[in-house]
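A.B. asks: The structure that follows is given in the form of C-alpha coordinates.
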Amino acid sequence: MQLPQEPGPIGVFDSGYGGLTILHGIRNLLPEYDYIYLGDNARAPYGVRSFDVVYQFTRQAVVKLFEMGCHLVIIGCNTASAKALRTIQQNDLPKLDPQRRVLGVIRPTAEIIGKLTRNNHVGLLATEGTVKSHSYEMEIAKCWPDIKVSGVACPFWVPLIEYNEADSPGADYFVKKRIDELMRKDPEIDTIILGCTHYPLLMPKILKYVNPGVRIVPQGDYVATSLKAYLARHKEMNAMCTKGGTCRYLTTENPAKFMDSASIFLHETVKATHVELG
(Lines give C-alpha, C1' and ligand atoms only; values in the text may rest on other atoms or scores of the structure.)
Protein backbone atom coordinates (compact mmCIF):
# COMPACT_ATOMS: atom_id res chain seq x y z
CA MET A 1 0.00 0.00 0.00
CA GLN A 2 1.46 3.35 -1.06
CA LEU A 3 0.61 6.07 1.48
CA PRO A 4 1.12 9.83 0.99
CA GLN A 5 4.47 10.93 2.47
CA GLU A 6 3.97 14.70 2.54
CA PRO A 7 2.73 16.39 5.76
CA GLY A 8 -1.03 16.20 6.40
CA PRO A 9 -3.77 16.79 8.96
CA ILE A 10 -4.24 15.08 12.32
CA GLY A 11 -6.92 12.40 12.10
CA VAL A 12 -9.54 11.90 14.81
CA PHE A 13 -11.68 8.77 14.60
CA ASP A 14 -14.76 7.64 16.51
CA SER A 15 -17.43 5.04 15.96
CA GLY A 16 -20.05 7.76 16.25
CA TYR A 17 -20.39 11.30 17.56
CA GLY A 18 -18.77 11.15 21.00
CA GLY A 19 -15.30 11.71 19.58
CA LEU A 20 -16.46 15.22 18.69
CA THR A 21 -16.03 16.04 22.40
CA ILE A 22 -12.40 14.90 22.08
CA LEU A 23 -11.93 16.89 18.87
CA HIS A 24 -13.44 19.96 20.54
CA GLY A 25 -10.95 19.73 23.43
CA ILE A 26 -8.01 19.25 21.05
CA ARG A 27 -8.99 22.12 18.76
CA ASN A 28 -9.46 24.46 21.72
CA LEU A 29 -5.89 23.78 22.84
CA LEU A 30 -4.27 23.30 19.42
CA PRO A 31 -6.29 25.42 16.97
CA GLU A 32 -3.44 25.95 14.54
CA TYR A 33 -3.39 22.37 13.23
CA ASP A 34 -5.46 20.86 10.42
CA TYR A 35 -7.85 18.03 11.34
CA ILE A 36 -9.97 15.35 9.71
CA TYR A 37 -12.75 13.86 11.82
CA LEU A 38 -14.05 10.47 10.69
CA GLY A 39 -17.21 9.04 12.25
CA ASP A 40 -18.21 5.46 11.43
CA ASN A 41 -21.80 6.39 12.23
CA ALA A 42 -23.35 3.82 9.91
CA ARG A 43 -21.91 0.97 12.00
CA ALA A 44 -22.18 2.53 15.45
CA PRO A 45 -22.37 1.75 18.29
CA TYR A 46 -19.18 -0.28 18.79
CA GLY A 47 -19.76 -0.84 22.52
CA VAL A 48 -21.57 -4.17 22.17
CA ARG A 49 -19.50 -5.57 19.27
CA SER A 50 -16.81 -8.26 19.60
CA PHE A 51 -13.10 -7.49 19.89
CA ASP A 52 -12.46 -8.81 16.38
CA VAL A 53 -15.19 -6.72 14.73
CA VAL A 54 -14.13 -3.54 16.55
CA TYR A 55 -10.53 -4.18 15.50
CA GLN A 56 -11.48 -4.70 11.84
CA PHE A 57 -13.67 -1.57 11.73
CA THR A 58 -11.07 0.55 13.52
CA ARG A 59 -8.26 -0.65 11.27
CA GLN A 60 -10.31 0.28 8.19
CA ALA A 61 -10.83 3.80 9.57
CA VAL A 62 -7.16 4.24 10.45
CA VAL A 63 -6.08 3.10 6.97
CA LYS A 64 -8.58 5.51 5.37
CA LEU A 65 -7.16 8.43 7.39
CA PHE A 66 -3.60 7.38 6.47
CA GLU A 67 -4.63 7.32 2.80
CA MET A 68 -6.02 10.86 3.22
CA GLY A 69 -2.63 12.11 4.37
CA CYS A 70 -2.74 11.76 8.16
CA HIS A 71 0.51 10.68 9.84
CA LEU A 72 -1.02 10.84 13.32
CA VAL A 73 -4.45 9.44 14.21
CA ILE A 74 -6.24 9.87 17.54
CA ILE A 75 -8.80 7.16 18.30
CA GLY A 76 -11.37 9.31 20.08
CA CYS A 77 -13.42 6.28 21.08
CA ASN A 78 -12.98 4.35 24.33
CA THR A 79 -14.30 1.07 22.93
CA ALA A 80 -11.93 1.18 19.94
CA SER A 81 -9.06 2.28 22.20
CA ALA A 82 -9.81 -0.67 24.50
CA LYS A 83 -10.37 -3.35 21.86
CA ALA A 84 -8.25 -2.34 18.85
CA LEU A 85 -5.50 0.17 19.62
CA ARG A 86 -2.82 -2.20 20.93
CA THR A 87 -3.21 -4.63 18.01
CA ILE A 88 -3.02 -1.79 15.48
CA GLN A 89 0.07 -0.33 17.17
CA GLN A 90 1.89 -3.66 17.46
CA ASN A 91 0.78 -5.58 14.37
CA ASP A 92 -0.41 -3.13 11.71
CA LEU A 93 1.75 -0.02 11.97
CA PRO A 94 5.03 -1.89 11.28
CA LYS A 95 3.52 -3.14 8.00
CA LEU A 96 1.58 -0.02 6.99
CA ASP A 97 4.21 2.59 7.88
CA PRO A 98 6.45 2.39 10.98
CA GLN A 99 6.72 6.19 11.06
CA ARG A 100 2.99 6.78 11.53
CA ARG A 101 1.32 6.80 14.92
CA VAL A 102 -2.09 5.91 16.36
CA LEU A 103 -2.94 7.10 19.89
CA GLY A 104 -5.98 6.44 22.10
CA VAL A 105 -7.97 8.14 24.86
CA ILE A 106 -7.46 5.69 27.72
CA ARG A 107 -3.76 6.22 28.39
CA PRO A 108 -3.94 10.03 28.88
CA THR A 109 -6.74 9.58 31.43
CA ALA A 110 -4.85 6.79 33.22
CA GLU A 111 -1.73 8.93 33.46
CA ILE A 112 -3.51 11.83 35.19
CA ILE A 113 -6.02 10.02 37.40
CA GLY A 114 -3.64 9.47 40.34
CA LYS A 115 -3.32 13.25 40.68
CA LEU A 116 -7.10 13.70 40.77
CA THR A 117 -8.21 11.08 43.30
CA ARG A 118 -7.63 11.76 46.99
CA ASN A 119 -8.16 8.26 48.36
CA ASN A 120 -7.27 5.95 45.40
CA HIS A 121 -10.88 4.78 44.93
CA VAL A 122 -11.84 5.45 41.29
CA GLY A 123 -15.11 4.70 39.47
CA LEU A 124 -15.58 4.12 35.76
CA LEU A 125 -18.80 4.71 33.79
CA ALA A 126 -18.45 3.36 30.25
CA THR A 127 -19.88 1.13 27.54
CA GLU A 128 -20.12 -2.61 28.08
CA GLY A 129 -17.18 -3.23 25.75
CA THR A 130 -14.89 -0.84 27.57
CA VAL A 131 -15.82 -2.16 31.02
CA LYS A 132 -15.40 -5.81 29.99
CA SER A 133 -12.00 -5.12 28.38
CA HIS A 134 -10.55 -4.01 31.78
CA SER A 135 -8.35 -1.62 29.78
CA TYR A 136 -8.71 1.18 32.33
CA GLU A 137 -7.73 -1.09 35.20
CA MET A 138 -4.65 -2.29 33.29
CA GLU A 139 -3.51 1.17 32.17
CA ILE A 140 -4.12 2.76 35.57
CA ALA A 141 -2.25 -0.09 37.31
CA LYS A 142 0.83 0.68 35.18
CA CYS A 143 0.87 4.29 36.42
CA TRP A 144 -0.81 4.05 39.82
CA PRO A 145 -0.71 0.48 41.20
CA ASP A 146 -2.42 1.46 44.47
CA ILE A 147 -5.63 2.70 42.81
CA LYS A 148 -8.75 0.52 43.01
CA VAL A 149 -10.97 0.84 39.93
CA SER A 150 -14.65 -0.17 39.88
CA GLY A 151 -16.56 -0.07 36.60
CA VAL A 152 -20.22 -0.09 35.58
CA ALA A 153 -21.59 -0.32 32.03
CA CYS A 154 -24.23 2.24 31.00
CA PRO A 155 -25.96 0.71 27.97
CA PHE A 156 -28.71 3.32 27.51
CA TRP A 157 -26.64 6.46 27.88
CA VAL A 158 -25.36 6.73 24.30
CA PRO A 159 -28.83 6.35 22.68
CA LEU A 160 -30.21 8.98 25.08
CA ILE A 161 -27.59 11.44 23.89
CA GLU A 162 -27.76 10.64 20.18
CA TYR A 163 -31.56 10.95 20.19
CA ASN A 164 -31.16 14.36 21.86
CA GLU A 165 -32.81 13.17 25.10
CA ALA A 166 -29.91 14.03 27.41
CA ASP A 167 -31.91 16.86 29.02
CA SER A 168 -35.18 14.93 29.25
CA PRO A 169 -36.74 13.80 32.57
CA GLY A 170 -36.51 10.20 31.36
CA ALA A 171 -32.72 10.41 31.31
CA ASP A 172 -32.69 10.94 35.08
CA TYR A 173 -33.78 7.37 35.74
CA PHE A 174 -30.96 5.80 33.71
CA VAL A 175 -28.27 8.16 35.02
CA LYS A 176 -29.24 7.71 38.67
CA LYS A 177 -29.53 3.92 38.29
CA ARG A 178 -25.96 3.49 37.02
CA ILE A 179 -24.40 5.95 39.47
CA ASP A 180 -26.17 4.21 42.37
CA GLU A 181 -24.91 0.85 41.09
CA LEU A 182 -21.35 2.17 40.89
CA MET A 183 -21.43 3.60 44.40
CA ARG A 184 -22.78 0.32 45.77
CA LYS A 185 -19.74 -1.41 44.28
CA ASP A 186 -17.41 0.92 46.17
CA PRO A 187 -18.95 3.56 48.48
CA GLU A 188 -15.49 5.14 48.93
CA ILE A 189 -15.20 6.29 45.29
CA ASP A 190 -14.14 9.94 45.21
CA THR A 191 -13.38 10.26 41.47
CA ILE A 192 -15.38 8.98 38.48
CA ILE A 193 -14.01 8.64 34.95
CA LEU A 194 -16.50 9.19 32.14
CA GLY A 195 -15.10 6.39 29.99
CA CYS A 196 -17.21 7.15 26.94
CA THR A 197 -16.78 10.32 24.92
CA HIS A 198 -20.56 10.82 24.74
CA TYR A 199 -21.05 11.08 28.47
CA PRO A 200 -19.98 14.71 29.05
CA LEU A 201 -23.30 15.70 27.47
CA LEU A 202 -25.00 14.11 30.49
CA MET A 203 -22.86 16.10 32.92
CA PRO A 204 -25.72 18.16 34.49
CA LYS A 205 -27.60 14.97 35.41
CA ILE A 206 -24.45 13.13 36.50
CA LEU A 207 -23.58 15.96 38.89
CA LYS A 208 -27.15 15.87 40.17
CA TYR A 209 -26.85 12.26 41.38
CA VAL A 210 -23.24 11.84 42.53
CA ASN A 211 -22.35 12.43 46.17
CA PRO A 212 -21.04 15.88 47.07
CA GLY A 213 -17.29 16.08 46.64
CA VAL A 214 -17.03 13.30 44.04
CA ARG A 215 -14.93 14.50 41.13
CA ILE A 216 -16.11 13.79 37.57
CA VAL A 217 -13.40 13.34 34.93
CA PRO A 218 -14.35 13.88 31.27
CA GLN A 219 -11.53 13.11 28.85
CA GLY A 220 -11.39 15.89 26.26
CA ASP A 221 -9.07 18.28 28.08
CA TYR A 222 -6.70 15.53 29.25
CA VAL A 223 -6.40 13.99 25.79
CA ALA A 224 -5.69 17.45 24.36
CA THR A 225 -3.02 18.20 26.98
CA SER A 226 -1.43 14.80 26.38
CA LEU A 227 -1.40 15.39 22.60
CA LYS A 228 0.23 18.79 23.01
CA ALA A 229 2.97 17.23 25.15
CA TYR A 230 3.38 14.39 22.65
CA LEU A 231 3.89 16.78 19.74
CA ALA A 232 6.37 18.81 21.80
CA ARG A 233 8.38 15.63 22.53
CA HIS A 234 8.21 14.27 18.97
CA LYS A 235 9.41 17.08 16.71
CA GLU A 236 9.51 14.77 13.70
CA MET A 237 5.79 14.01 14.02
CA ASN A 238 4.94 17.65 14.67
CA ALA A 239 6.68 18.51 11.39
CA MET A 240 4.42 16.02 9.57
CA CYS A 241 1.23 17.74 10.83
CA THR A 242 0.06 20.65 8.69
CA LYS A 243 -1.01 23.86 10.37
CA GLY A 244 -3.76 25.70 8.54
CA GLY A 245 -6.45 25.75 11.22
CA THR A 246 -8.91 23.72 9.12
CA CYS A 247 -11.22 20.83 10.01
CA ARG A 248 -13.00 18.40 7.67
CA TYR A 249 -15.78 16.03 8.74
CA LEU A 250 -16.33 12.61 7.18
CA THR A 251 -19.06 10.10 7.97
CA THR A 252 -20.07 6.64 6.82
CA GLU A 253 -23.70 7.71 7.38
CA ASN A 254 -25.88 10.19 5.56
CA PRO A 255 -24.05 13.57 5.74
CA ALA A 256 -27.26 15.47 6.51
CA LYS A 257 -27.98 13.20 9.47
CA PHE A 258 -24.39 13.59 10.67
CA MET A 259 -24.55 17.38 10.45
CA ASP A 260 -27.81 17.45 12.40
CA SER A 261 -26.48 15.22 15.20
CA ALA A 262 -23.03 16.82 15.28
CA SER A 263 -24.62 20.13 16.20
CA ILE A 264 -25.73 18.54 19.51
CA PHE A 265 -22.08 17.93 20.41
CA LEU A 266 -20.39 21.00 18.91
CA HIS A 267 -23.12 23.67 19.19
CA GLU A 268 -22.20 24.84 15.70
CA THR A 269 -23.09 23.90 12.14
CA VAL A 270 -20.59 21.73 10.26
CA LYS A 271 -20.44 20.37 6.73
CA ALA A 272 -19.80 16.65 6.29
CA THR A 273 -18.88 14.35 3.40
CA HIS A 274 -19.84 10.69 2.98
CA VAL A 275 -17.04 8.14 2.92
CA GLU A 276 -16.99 4.34 2.53
CA LEU A 277 -14.94 2.01 4.74
CA GLY A 278 -14.02 -1.61 4.15
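A.B. asks: How much length would be gained if the chain were fully extended between Cys143 and His121, taking 0.36 nm per residue of separation minus their Cα-Cα distance, in nm to one decimal?
C.D. replies: The span from Cys143 to His121 would gain 6.5 nm if fully extended.
A.B. asks: From the backbone phi of segment 242-249, what are the Karplus-calculated ³J(HN,Hα) couplings (6.51 cos²θ - 1.76 cosθ + 1.60, θ = phi - 60°) in whole Hz, Gly and Pro given as x?
C.D. replies: Those phi angles translate into 6, 10, x, x, 9, 8, 10, 10 Hz.
A.B. asks: Of Ala171, Leu116, Ala84, whose Cα points farthest to the positive end of the dipole of segment 41-198 (charges on the beta-carbon: +1 Lys, Arg; -1 Asp, Glu; origin at the Cα centre)?
C.D. replies: Ala84
A.B. asks: Taking every pair of alpha-carbon atoms in segment 55-112, what share in percent sits in each 5 Å bin, from 0 to the bin with the longest distance?
C.D. replies: Per 5 Å bin, starting at 0, the Cα pair percentages come out as 4, 19, 34, 26, 12, 4, 1.
A.B. asks: Positive end of the dipole of the chain, charges at C-beta (+1 Lys, Arg; -1 Asp, Glu), about the Cα centre: which of Tyr249, Tyr35, Gly195 has its Cα farthest in that direction?
C.D. replies: The Cα lying farthest towards the positive end belongs to Gly195.
A.B. asks: Can you give me the Rg/Rh ratio for the chain, using Cα atoms for both radii and the Kirkwood formula for Rh?
C.D. replies: Rg divided by Rh gives 0.95.
A.B. asks: Quick check: from the Cα gyration tensor, does segment 1-71 come out rounded (a/c under 1.5), prolate or oblate?
C.D. replies: The shape class here is oblate.
A.B. asks: For Met203 and Lys185 in one chain, what is 0.36 nm times their gap in residues minus the Cα-Cα distance, to one decimal in nm?
C.D. replies: 4.4 nm
A.B. asks: Run down the lysines and flag those whose C-alpha is under 20 Å from the C-alpha of Lys235, throwing out any fewer than 8 positions away in its chain.
C.D. replies: Lys243
A.B. asks: So, with a 1.4 angstrom probe, what is the percent of accessible area on the chain that is carbon and sulfur?
C.D. replies: Exposed carbon and sulfur together represent 53 percent of the surface.
A.B. asks: At 7 Å along the Cα-to-beta-carbon direction for both Glu276 and Val53, put a label point, then send me their distance in nm to one decimal.
C.D. replies: A separation of 2.2 nm, rounded to one decimal place.
A.B. asks: How far is helix 51-67 tilted off the main Cα axis of the chain, in degrees rounded to 10, range 0 to 90?
C.D. replies: Rounded to the nearest ten degrees, it is 40.
A.B. asks: Please give the charge dipole size of segment 190-266, origin at the Cα centre, charges +1 on K and R Cβ atoms and -1 on D and E Cβ atoms. Round to the nearest 20 debye.
C.D. replies: 160
A.B. asks: Using 7 Å Cα-to-Cβ label points, what is the Ala239/Leu3 separation (nm, one decimal)?
C.D. replies: 1.8
A.B. asks: Now, a different point. Any chance you could give the angle, 0 to 90 degrees and rounded to 10, that helix 255-266 forms with the longest Cα principal axis of the chain?
C.D. replies: The helix 255-266 is inclined about 50 degrees to the chain.
A.B. asks: With angles folded into 0 to 90 degrees, how steeply does helix 19-29 sit against the dominant principal axis of the chain? Use alpha carbons for both and round to 10.
C.D. replies: Result, in degrees: 70.
The values are calculated or read from the model by the stated rules, or taken from the named source; none is laboratory data. In this text the structure is predicted, and so the values were computed from the model without any measurement. Please note: Cβ atoms are built from the backbone with ideal geometry, for glycine as well, and neighbour counts cover all protein chains shown. To get the accessible areas, we keep the full protein, side chains included, count just its heavy atoms, and leave off ligands, DNA and RNA. Shrake-Rupley method; radii C 1.70, N 1.55, O 1.52, S 1.80 Å.
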